[in-house]
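First comes the structure, then the notes that go with it.
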Amino acid sequence: MSRVNIGCPIWTHDAWFGNLYPPKKSKIAPLQAYAGLFNSVECNSSFYHLPSLETISKWRENVGADFRFIIKLPRTISHAGQLGTCHSQLKEVLENIAHLGITLGGIMLQLPKQFSPMHLDQLSVFLEDVPSKVNVSVEVRHMAFFNKSAEEKALNQLLVTHQADRVVMDTRALFACDPSQYSAGERTLITEVQAKKPRVPTHVIATGNAPIVRFVGHQNINQNAQYYQPWITKIKAWLDAGKTPSIFFHMPDNKDAPWLAAAFINDYNLTYPDQCLPTLTLPRHEDLATQPTSQQLSIF
């Protein structure tokens, strides 16, 4: 059954307690509180270390059957330069996260910018190792995969062959943000995030049945609608095609990411009132305009 997975790259932030969440002293776990708002999470913590079985079991206990984890594979797999020979590591990861049961929405392989077209054979071997029942998505950062040449076509065809999705990284809003317009603290934060995030073209493509969009927003939350508006129609089109898209909202300081997601859902539901997404009701964000911007920057 088609659905839209919507969430953030984290499920806890100090600024959310006593606001989005009950106070820290509450018996409600942060993940449980997060799952009361969103139906999915882009689990970035697994990139740094593989969670223990005990941790994974606790995750499963804190969410309902409708929730979905998109697990980013550890960097020991994606960034070690041995993608085609990590069979045992991948097997261990898959065995561990299988304990998430129905809540496992898929795995994400984020490749470094050094991963070039000459390494596609390694990716092919890796994808052969992923069971067909597991949704897998691949994020590339080497610019040769964005030049619409034979190299990009080879990547896309490989993904189509394995029914793997190509992660769509949309950082247009982030890089439209001028750090000099902000206070010293915000300026440092924006500059650091812009240095870390890839500035790659936003190529919109679904090579599998579970496309993933990573939307990295502008520091000024009101500036984001013009960049996410095209995703409203694209996600609706993917739904109509029977796909299960995911969209995860990032911001320079992710404390504001839930409000960005809420603004997107609100605008989606205004556009398609007969096929609404579940409403996300949050405390008022003092910097969020009550009306969406009418400007739209198309990426299609």
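Considering G101, G84, which residue is open to solvent by 10 Å² or more (accessible area, probe 1.4 Å) and at pLDDT below 95?
G84
Table: residues versus (1) crowded, with 20+ Cβ neighbours inside 10 Å; (2) modelled with pLDDT under 95.
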{"residue": "I205", "(1), (2)": "no, yes"}
{"residue": "F215", "(1), (2)": "yes, no"}
{"residue": "L260", "(1), (2)": "yes, no"}
{"residue": "N266", "(1), (2)": "no, no"}
{"residue": "T271", "(1), (2)": "no, no"}
{"residue": "S298", "(1), (2)": "no, yes"}
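Within the range 276-285, is even one residue more than 20 Å from S2 (Cα to Cα), free of Cβ contacts under 8 Å to residues at least 24 places away in the same chain and either exposed (fewer than 15 other Cβ atoms within 10 Å of the Cβ) or hydroxyl-bearing (S, T, Y) (or both)?
Yes, the conditions are met somewhere in the range 276-285.
If you take the residues in the range 232-257 that are open to solvent by less than 10 Å² (accessible area, probe 1.4 Å) and more than 13 Å from the chain's Cα centre (by Cα), which one is nearest to V134 (Cα to Cα)?
So, considering only residues that are open to solvent by less than 10 Å² (accessible area, probe 1.4 Å) and more than 13 Å from the chain's Cα centre (by Cα), the one nearest to V134 (Cα to Cα) is I235.
Among (1) at pLDDT 95 or above; (2) outside any strand (DSSP E or B), there is one condition L90 misses while meeting the rest; what is its number?
(1)
So how many residues does the range 9-36 have that are under 30 Å from A210 (Cα atoms), touching a strand residue (DSSP E or B) at 6+ places or on another chain (Cβ under 6 Å) and either in contact (Cβ under 8 Å) with a residue 24 or more places away in the chain or of a type outside the set (A, V, I, L, M, F, W, C) (or both)?
Residues meeting the conditions: 2.
Please work out which residue is most open to solvent (accessible area, probe 1.4 Å), limiting yourself to the range 155-202 and to residues that are assigned to a loop (DSSP other than H, G, I, E, B) and more than 20 Å from P112 (Cβ to Cβ).
This residue is Q163.
Could you please tell me which pairs satisfy a Cβ distance under 6 Å, a separation of 6+ or placement on different chains, a first residue in the range 51-77 that is on the phi < 0 side of the Ramachandran plot, and a second residue that is outside any helix (DSSP H, G or I) and open to solvent by 60 Å² or more (accessible area, probe 1.4 Å)?
Once the first residue is on the phi < 0 side of the Ramachandran plot and sits in the range 51-77, no partner that is outside any helix (DSSP H, G or I) and open to solvent by 60 Å² or more (accessible area, probe 1.4 Å) comes close enough.
Within the range 104-118, how many residues turn out to be assigned to a loop (DSSP other than H, G, I, E, B) and open to solvent by less than 10 Å² (accessible area, probe 1.4 Å)?
First, pick out the residues of the range 104-118 that are assigned to a loop (DSSP other than H, G, I, E, B): 111-116.
Remaining after also requiring open to solvent by less than 10 Å² (accessible area, probe 1.4 Å): 111.
The qualifying residues number 1.
Hey, among D121, D66, which residue is assigned to a loop (DSSP other than H, G, I, E, B) and acidic (D, E)?
Just one listed residue meets the conditions, D66.
Limited to the range 213-245, what total is found for residues that are more than 17 Å from D256 (Cα to Cα) and either assigned to a loop (DSSP other than H, G, I, E, B) or without any contact (Cβ under 8 Å) to a residue 24 or more places away in the chain (or both)? Before the answer, list the steps.
If we filter the range 213-245 for residues that are more than 17 Å from D256 (Cα to Cα), which is where we start, we get 213, 226, 229-245.
Within this subset, residues satisfying the condition of being either assigned to a loop (DSSP other than H, G, I, E, B) or without any contact (Cβ under 8 Å) to a residue 24 or more places away in the chain (or both) are 237, 240-245.
Number satisfying all stated conditions: 7.
Suppose we filter the range 164-186 for residues that are closer than 25 Å to T207 by Cα and not aliphatic (A, V, I, L, M); how many remain?
Initially, the range 164-186 is screened for residues closer than 25 Å to T207 by Cα, giving 164-173.
Next, from what is left, pick out any that are not aliphatic (A, V, I, L, M): 165-166, 170-172.
Of the residues in that region, 5 qualify.
For the condition in contact with a Phe, Trp or Tyr (Cβ under 9 Å, 6 or more places away or on another chain) and surrounded by fewer than 16 Cβ atoms within 10 Å (Cβ to Cβ), what is the one hit in S2, S57? Spell out how you get there, then give the answer.
Working: S57 fails: in contact with a Phe, Trp or Tyr (Cβ under 9 Å, 6 or more places away or on another chain).
Just a single option satisfies the conditions, and that option is S2.
Conditions tested, residue by residue: (1) closer than 26 Å to K236 by Cα; (2) modelled with pLDDT of 95 or more; (3) of a type in the set (S, T, Y).
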position	(1), (2), (3)
G7	yes, yes, no
G18	no, no, no
Y21	no, no, yes
K27	no, no, no
Y34	yes, yes, yes
S46	no, no, yes
L50	no, no, no
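The values are calculated or read from the model by the stated rules, or taken from the named source; none is laboratory data. Because the structure is a prediction, the values reported are computed rather than measured. Every residue, glycine as well, gets a Cβ built from its backbone with ideal geometry; the counts of neighbours run over all protein chains shown. We work out accessible area using only protein heavy atoms, side chains counted, and drop any ligands, DNA or RNA first. Shrake-Rupley method; radii C 1.70, N 1.55, O 1.52, S 1.80 Å.
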